[in-house]
1. Would you confirm whether or not region 39-61 contains a residue that is modelled with pLDDT of 85 or more, touching a Lys or Arg at 6+ places or on another chain (Cβ under 7 Å) and not charged (D, E, K, R)?
2. I need the full set of residues from region 2-23 which are within 24 Å of PHE59 (Cα to Cα) and either among the polar types (S, T, N, Q) or part of a helix (DSSP H, G or I) (or both), in order please.
Amino acid sequence: SPMEVRYVLIGANYRKQLNFTMESLHAAREALGRLAKAAGGESVPGYRELLKGGDLGVFDGAFKRLNEDLNTAAALGELFA
């Protein structure tokens, strides 16, 4: 699915060559399923709402990693921590 392709693309460091395989798509499908299950249908606040309140909650670690040279792979890892 397009979501799986996006997940694989953002999971790689932009400074390194991407190894795009069917296995990586399968892993992306599983990871997206775990994220959806963890969200449990809850309403997730938008970016602007998070910034207004100052409390980033479960996204705090992910935002810190994104500020580290746009480290998207580590940011995704923070969501699973």
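1. no
2. PRO2, MET3, GLU4, VAL5, ARG6, TYR7, VAL8, LEU9, ILE10, ASN13
The values are calculated or read from the model by the stated rules, or taken from the named source; none is laboratory data. Computed from a prediction, not measured in an experiment: that's the story for all the values here. Positions of Cβ are backbone-derived with ideal geometry, glycine not excepted, and every protein chain shown enters the neighbour counts.
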